[in-house]
Amino acid sequence: MRHKMFRDFFNITATAIIVATGILAACSSDSNSSTLVTPQNVTLSEVEGSSDNETSVSSSSWTLSSDDSRVTEVESSRSESPYLWHDEFDSIDTTTWTFEKGASGWGNNEWQYYTGRSENAFVQDGILHIRANKEDYEGAKYTSARMITKGKFSFTYGTVEARIALPVGKGIWPAFWMLGANIDAVSWPACGEIDIIEAVNSENVVYGTNHWQAGGNQADYGNNTRDYYGTSKELDITQFHNYKMVWNEKLIAMYVDNFKYQEIAIENAKDGLEAFHKPQFFILNVAVAGNWPGFEVDDSQFPNEMLVDYIRVSQP
């Protein structure tokens, strides 16, 4: 999400892959086009996109040149832990997390002003609270927090496990996601983006999505807990659930309470999927309004919070 523009998840067959134009995802982008491409042996059921200017594209077999020097990269780790990295949120560790600040719209016309104040992010009883408030602040009508590990922790491949409870409400947009650590050098979407958890409004649906660049265009592939190849997981997302992402040389898969809601094949990848073989960093945030949830906001929901018990990263 996190700079993210309008998404419309829709069903699509494996034989007709739709190319959608004019979408921006969690990161902002100046591109005016978006191409949906699909890894070999992955069947599309739901993707992000727009129904405008649709064009059929066939899937291709992708290969990635071998590079034995491409290994897991970690900028910080805690040797006393059995994990590659973890945060149990006894406090907000500023050696790991940075607060992004401002009210730029974040590529999605969002309404909140992100701050580093305790009113918007704090730890209580071992739980991180990211709180969206209704208040006038620096010209904005809402405040919230956006925490990133950029420049402090990033990694390539691993199993991510997180215990999280999400907010619901008209106009609310929480997310736990990742961006390529090379974003400053290559920009978005070439850096790649992995949206582990996103939710909008009061759907009680969790979305998992990948964004990258293929042939100079934005490419997207996503699924959700409401309809994953004919299966469905009923959730009260306001309660704590165990979310997991498995990321290795072959695939990226996402689960909630062991129910799979997204998987993408990245083995032998080309056409931009190389981005998912490079380090990525974490982002936690709660947005208010924007191109995806829309611009109707129920002010009675505030303060509204995303709660994070822990995030743990194990070796693949």
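Laboratory data are not the source of any read-out in this text; all were calculated from the coordinates shown. Because the structure is predicted, anything quoted here is derived from the model rather than measured. Note: ideal-geometry Cβ built from the backbone for every residue, glycine included; neighbour counts use all protein chains shown.
For the reader, a short list of remarks on this structure follows.
- Taken over the alpha carbons of segment 253-303 as equal point scatterers, the Debye sum produces base-10 log I(q)/I(0) values at 0.20, 0.26 Å⁻¹ of -0.96, -1.02.
- Tail fraction, Cα-Cα pairs, segment 93-202, threshold 20 Å, whole percent: 46 percent
- Relative contact order of segment 173-314, taken over Cα pairs closer than 8 Å and 6 or more residues apart, is 25 percent.
- Lysines with Cα under 24 Å of K250, excluding same-chain neighbours fewer than 8 positions away: K260, K270, K278
- DSSP-defined antiparallel bridges as percent of all bridges, segment 172-286, nearest 5: 100 percent
- Alpha carbon centroid spacing (whole Å) that separates segment 281-312 from segment 110-152: 9 Å
- Over segment 108-147, relative contact order from alpha-carbon pairs under 8 Å, at least 6 apart, %: 46 percent
- Lys-Lys pairs in segment 92-249 that are eight or more residues apart or on separate chains and whose Cα atoms lie under 25 Å of each other come to 11.
- For segment 199-263, applying the loop criterion from DSSP together with a ceiling of 13 other beta carbons within 10 Å to the chymotrypsin sites (Phe, Trp or Tyr not before Pro) yields Y229.
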